[in-house]
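Inspection log for the structure reproduced underneath, given as structure tokens.
The values are calculated or read from the model by the stated rules, or taken from the named source; none is laboratory data. None of these values were measured; they are calculated from a predicted model. Here the Cβ positions follow ideal geometry from the backbone for every residue, glycine too, while neighbour counts run over all protein chains shown. The protein model used for the area step is the full one, side chains on, heavy atoms only, and it has no ligands, DNA or RNA in it. Shrake-Rupley method; radii C 1.70, N 1.55, O 1.52, S 1.80 Å.
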Amino acid sequence: MAVEKDALIESWREGKNHNKKKASQFLRSENLKQIQDLDTLSQNLNQEVSNSIDCLNCANCCKTTVTVFKEADITRAAKAMEMSKKAFIKKYLIEDEGEYTTITTPCPFLLNDNKCKIYEVRPDACASFPHTGRYGFLKRIKAHENNYEICPITYHVVQRMMRRFNDQ
């Protein structure tokens, strides 16, 4: 199974740039809007792909993007780290256009083994990433386009949607 999981990550690495334009056109097409029960399909594909990829073999999201922390995320994480909210913000976050995000990439909570130092209390943005399994797939087209290059789960969900649509 580990070989298959690594193969999916490798196929994403090889295909993410080559297939980006075609995927973006599909995500913005009227064809996507015509798919019956798109949210159910995206949730099912997300589950199928997520079960086939070990995120610890990738962690590209943690290595290449900043993380948004909402107030509740800050409270949870600061408590878990036994810090005041003020100290937590000062050490790990920056305010950017009214949102708190991590100061650095890779994420300051990413450990050498690709595990998360605050996994049990990680921000909601991390817990729901890459957002392909959330209700409202069409409301997140820009996120899916961006995550297509960042995350093998998004890449394979979109690729499988494209194949299913083309097979109809």
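Past the 23 angstrom mark, what percentage of all C-alpha to C-alpha distances in the chain do you count?
Values: 6127 of 14028 pairs.
Roughly 44 percent, rounded to a whole number.
Evaluate the distance, in nm, between pseudo-label points positioned 7 Å from the Cα of Tyr119 and of Ser84 along their respective Cα→Cβ axes.
Result for the modelled spin labels: 3.2 nm.
How big is the charge dipole of the chain about its Cα centre, in debye rounded to the nearest 20, if each Lys and Arg gets +1 on its Cβ and each Asp and Glu gets -1 on its Cβ?
Working: 26 positive and 22 negative charges, 56 e Å.
Dipole about the Cα centre, nearest 20: 260 debye.
Pop out the carbon and sulfur fraction of the accessible area of region 56-153 as a percent, whole number, probe 1.4 Å.
Working: 2980 of 5730 Å².
Summing carbon and sulfur atoms, their accessible area is 52 percent of the total for region 56-153.
Output the DSSP H helices from the chain with an along-axis C-alpha extent of no less than 24 Å and a mean Kyte-Doolittle hydropathy no less than -0.5. Walk me through the intermediate numbers first.
Numbers: long enough: none.
The qualifying helices: there are none.
Could you report the accessible area of Phe165 in Å², rounded to 10, computed with a 1.4 Å probe on the protein chains as they sit in the structure?
Here the accessible area works out near 50 Å².
Run the numbers on the chain and let me know its relative contact order in percent, using alpha-carbon pairs under 8 Å that are six or more apart.
Here the relative contact order equals 35 percent.
If you check each cysteine of the chain for another cysteine whose beta-carbon is under 4.7 Å away, which ones come up empty?
Lacking a cysteine Cβ partner under 4.7 Å: Cys55, Cys58, Cys61, Cys116, Cys126, Cys151.
Could you work out which residue, out of Asn147, Asn46, Asn112, moves most in a Gaussian network model of the chain, that is, has the largest mean-square fluctuation with Cα springs under 10 Å?
Asn112
Over the alpha-carbon set of region 73-132, work out the extent along each principal axis and list the three values in angstrom, largest first.
30, 27, 19
Return the long-range amide H neighbours of Leu93 (sequence gap of 5 or more, or a different chain), with a cut-off of under 5 Å between placed amide H atoms.
Close amide H contacts, sequence-distant or interchain: Ile103.
Given the rule -39500 (n - 2.57) for each run of at least 4 DSSP H residues, summed and divided by the residues of the chain, what is its mean residue ellipticity at 222 nm, to the nearest 500 deg cm²/dmol?
Working: 10 runs with 92 residues, N = 168.
My calculation for the chain gives -15500 deg cm²/dmol from helical runs alone.
Looking only at GluC sites (Glu not before Pro) in DSSP loops with at most 13 other Cβ atoms within 10 Å, what is the longest site-free stretch of the chain? Don't jump to the answer; show the numbers that get you there.
Numbers: sites that count: Glu82, Glu97.
In the chain, the maximal stretch lacking such sites is 1-81.
I want to verify the translational diffusion coefficient of region 8-57 in µm²/s; compute it with Stokes-Einstein, Rh as the Kirkwood radius over Cα pairs, at 10 °C and 1.306 mPa s. Provide the component values of the computation, followed by the final result.
Values: Rh = 12.6 Å.
Stokes-Einstein gives a translational diffusion coefficient of 126 µm²/s.
For the chain, with every protein chain kept in place, what is the accessible area per residue (1.4 Å probe, Å²)? If you can, show how the numbers build up before the last one.
Numbers: 10060 Å² over 168 residues.
That works out to 60 Å² per residue.
Taking every pair of distinct Cα atoms and averaging 1/r, then inverting, what Kirkwood hydrodynamic radius in Å comes out for region 1-96?
On the way: mean 1/r = 0.0587 Å⁻¹.
Mean inverse Cα-Cα distance, inverted, gives 17.0 Å.
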